[in-house]
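The values are calculated or read from the model by the stated rules, or taken from the named source; none is laboratory data. Quick caveat, the model's predicted, so the values are computed rather than measured. Note: ideal-geometry Cβ built from the backbone for every residue, glycine included; neighbour counts use all protein chains shown. With ligands, DNA and RNA removed, areas are computed over all heavy atoms of the protein, side chains included. Shrake-Rupley method; radii C 1.70, N 1.55, O 1.52, S 1.80 Å.
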Amino acid sequence: MEDRIDKENYYLDIAETVASRATCLRKKYGSVIVNHDQIISTGYCGAPRGRVNCCDLGYCMKKKMFPDKRHSGYDACRSVHSEQNAIISASRQDMIGSTLYLVGYRTENHDYEEGAAPCLMCRKLIINAGIKEVVVRKYKEEYVVYDVQDWVENDEYLEGKLSY
């Protein structure tokens, strides 16, 4: 009998293909929301509909406005995150109890994004969407699974891990 790819890597491969549509010049992210083995929606990072994408501008607005800061200036970023785009393309009823598969990689070398995980804003949306777990690709056939209920119970703001 021929070896079959496991379901997690099957959906992560689809998320990686979705990521190839991303319009960010630095990172490509793709998301797939699945419930009961049915794809509910997909999303990739890019400018809001009708706005010019960074790949069309030829430069990263965030990097242009904040050239020396790696972890700031997110409001200057033109992209809507892949998780956000997948969530807004689905009904909440279809997402309750679902799994979101996420793949991110760097454009310059196609290496998977080290430490990839939904940002705090995306975590809030994932919680409210009723998504049960998030599966994030670390390497080609390795992934980590996040239980969304852990994000609810271990609130970064209340635990003093973050400040406003």
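Where only protein heavy atoms count, and the probe is 1.4 Å, what is the accessible area per residue for the chain in Å²? Provide the component values of the computation, followed by the final result.
Details: 10170 Å² over 164 residues.
It amounts to 62 Å² per residue over the chain.
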Relative contact order %, the chain, counting alpha carbon pairs below 8 Å whose residues are six or more apart: 21 percent
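So what's Rg/Rh here for the chain, counting alpha carbon atoms and using the Kirkwood radius for Rh? Please report the intermediate quantities before stating the final value.
Working: Rg = 16.0 Å, Rh = 16.5 Å.
That ratio is 0.97, to two decimals.
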Cβ-defined net charge surrounding residue 12, 11 Å radius [Lys, Arg +1; Asp, Glu -1]: -2
Too-long pairs where the Cα-Cα distance tops 32 Å, listed order kept, from 64/132; 63/132; 7/28; 7/62: 64/132; 63/132; 7/62
